[in-house]
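The values are calculated or read from the model by the stated rules, or taken from the named source; none is laboratory data. Keep in mind that what you see is a predicted model, and the values were worked out from it rather than measured. Cβ sites come from the backbone with ideal geometry, for glycine too, and all protein chains shown count toward neighbours. Accessible surface is based on the protein model in full, side chains and every heavy atom, while ligands, DNA and RNA are left aside. Shrake-Rupley method; radii C 1.70, N 1.55, O 1.52, S 1.80 Å.
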Amino acid sequence: MWPRVWQVACTVDHVAEPGDYFEYRCGPNSVLVIRGDDGVLRAFQNVCRHRGNSLCDGSGSGLRELQCGYHGWTWDLSGILKRVPHRKGFGALQMSEFPLIAARVDTWERLVFVNLDANAMPLAEYLEAMPGDIAWCGLGDFRCYATMTIEVDANWKTIADGYSETYHIQTLHPELHRCMDDVYAPQVIWGHTGKSEQLYGLQSPQIKEQLTDSEVWDAYVTTQGALMGVAEDAPFPADRQRPGQSVADVIAEHTKAFATGRGVDLSWATTDQMMRLHQYNVFPNMTLLVNADHLTVMTSHPGPDPDHGELVMILWTRMPPGAPRAKPADVRMKADEAHPGLVLTQDITVLAGIQRGLHQPGLTHLTLSNEERRVINTHRNLERYLDLPEPDRMTGGETP
Ligand SMILES: [Fe+2]
């Protein structure tokens, strides 16, 4: 499947200037994304056409050419072979027959996608209804400031399934449950892509007792107070709550004021646009979580074996229109070193146990709810890409 799907490699902020490059690794596949001297973004399979050495690793800027570190074959940034040491020894070697092996590359907003399949459908078609659905938000004003790659003891699908349903919130995320609606959380499946919406700033209807405004505020501050720029123990500002204002209104106002501090005008955004999380899933491994002032993209990758994988968090800040990029910081860490906030830490902590459980010989099937229909959709797409026979073992997920 991996050589045939569009996948997020990096962001425009990683490869904004001529000579910027980024090596995207996904399992055994390695793709170089390069901004050429002509300003054109290109992608190549990371391999020397002489003896197969990898050409480059990591990311950086100021690249002028690509020289293999083994025997010195050298390409320009558009992938044309320029130099072969001791070329006579190869006989009649035609330089033009050995360009770098191109991969497809395209951008949507500030995400850079690659696809190893030269005949793949266009990215815009692959993304289906998603770009139109979120067009109101102006994603192009977000800038990536960092990526975090977290090595976990779980398969890439175990990771991706975790961010494809909200059914686990009531149990795994009790704090979050006190400040978001996981019951009226409509989902839609488009094909390769799907969506869930979740409203924040109110208690889950599943919680029987009526929480006070202050309790809902506290839960929000504990789980995502950073989005408002308030301290972890910031009390509910009851004195600033006007008559008729909900907790969500107060949080939205605080978040807008925080954005104003970095020059971002969110006066156009309604409380709903500030507080409703639009969560998109893009097959096979990507989710995009967004509201008017927040964007996080997460992907998962295969690790060295099927019981290990990587969770990649791509972190963004909304900036004033036309803001320059700052080169993102890319960090890598082990699961126990990562502290990406309370909720994600809870998500990561549970992964190793799921992976171990899935190996138990008595477990032959999973039983999924329609709340988990995006999980079902991912696996249906996967079976399709793997050309498996029509999956008669896979049922459920229909709207009740
Ligand atoms: Fe979670």
Here the averaged projected area of region 188-285, based on the convex hull of its alpha-carbon atoms and given in nm², is 8.4
Its Cα gyration tensor gives region 31-102 an equivalent ellipsoid whose semi-axes in whole Å, largest first, are 21, 13, 10
Taking a probe of 1.4 Å and leaving out DNA, RNA and ligands, the chain shows per residue an accessible area in Å² of 47
Net charge near R242 (other residues with Cβ under 14 Å of its Cβ; Lys, Arg +1; Asp, Glu -1) is -3
Region 123-148 and region 328-343 have their Cα centres apart by a whole-number Å value of 23
If amide H atoms are modeled at 1.01 Å from N in the peptide plane, then the residues at a separation of 5 or more from C10, or on another chain, having amide H under 5 Å from its own are V112
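Over every pair of different alpha-carbon atoms in region 86-234, take the mean of 1/r and invert it; report that Kirkwood radius in Å.
Numbers: mean 1/r = 0.0498 Å⁻¹.
Computed over region 86-234, the radius equals 20.1 Å.
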The summed charge of the L351 Cβ neighbourhood (under 13 Å; Lys/Arg +1, Asp/Glu -1) stands at -4
Put K208, K82 in order of accessible area, largest first, probe 1.4 Å, and you get K208, K82
Here the relative contact order (percent) of region 39-164, from C-alpha pairs under 8 Å and at least 6 apart, is 18
Per principal axis, largest first, the Cα atoms of region 239-310 extend in Å by 56, 26, 21
Label model pair Q170, I207: point-to-point distance (7 angstrom along the Cα→beta-carbon line) in nm is 1.5
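With viscosity set to 1.306 mPa s at 10 °C, what whole-number translational diffusion coefficient in µm²/s follows for region 244-400 from Stokes-Einstein and a Kirkwood radius over Cα pairs? Each step should come with its number before you reach the end.
Numbers: Rh = 19.2 Å.
Taking Rh from Cα pairs, D becomes 83 µm²/s.
Y184 to S78: FRET efficiency via 1/(1 + (r/R0)^6), r the Cβ-Cβ distance, R0 60 Å, to the nearest 0.05?
Working: r = 51 Å, r/R0 = 0.86.
Computed FRET efficiency for Y184 and S78 comes out at 0.70.
Rounded to a whole number, what is D in µm²/s for region 99-144 from Stokes-Einstein with the Kirkwood radius over alpha-carbon pairs (10 °C, 1.306 mPa s)? Let's see the in-between values first.
Working: Rh = 12.1 Å.
Answer from the Stokes-Einstein relation: 131 µm²/s.
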Of every hundred units of 1.4 Å-probe accessible area on the chain, the number belonging to carbon and sulfur atoms, as a percent, is 53
Using alpha carbon centers only, region 245-315 is separated from region 22-55 by a whole-angstrom value of 30
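Averaged over all directions, how much area does the convex hull of the C-alpha atoms of region 162-219 cover when projected, in nm²? Please list the in-between numbers first.
Details: hull surface 16.4 nm².
Answer in nm², one decimal: 4.1.
Restricting to Cα atoms and excluding each atom paired with itself, what does the Kirkwood estimate give for the chain in Å?
Values: mean 1/r = 0.0435 Å⁻¹.
One decimal place: 23.0 Å for the Kirkwood radius.
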Computed from the beta carbon distance with a Förster radius of 60 Å, FRET efficiency for D307 and R242 to the nearest 0.05 stands at 0.65
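Where does the charge balance sit around P186 when Lys and Arg score +1, Asp and Glu -1, over other residues with C-beta under 13 Å from its C-beta? Let's see the in-between values first.
Values: positive: K195, R276, R373, R374; negative: D133, D181, D182, E197, E371.
Around P186, the charge tally is -1.
What percent antiparallel are the DSSP beta bridges of the chain, to the nearest 5? Let's see the in-between values first.
Working: 69 of 75 bridges.
Restricted to the chain, the bridges split so that about 90 percent are antiparallel.
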In degrees rounded to 10, the 0-90 angle between helix 373-385 Cα long axis and the longest Cα principal axis of the chain is 20
Applied in sequence order to region 100-111, the curve 6.51 cos²θ - 1.76 cosθ + 1.60 (Karplus, θ = phi - 60°) yields integer Hz couplings, x standing for Gly and Pro, of 4, 7, 6, 10, 6, 9, 7, 10, 10, 6, 10, 9
In this structure, the FRET efficiency calculated for E17 and Y70 from their beta-carbon separation, with R0 = 30 Å, to the nearest 0.05, is 0.60
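How long are the three semi-axes of the equivalent ellipsoid of region 1-72, in whole Å, if each is the root of 5 times an eigenvalue of the C-alpha gyration tensor, listed from largest down?
On the way: eigenvalues 68, 63, 17 Å².
Equivalent-ellipsoid dimensions as semi-axes: 18, 18, 9 Å.
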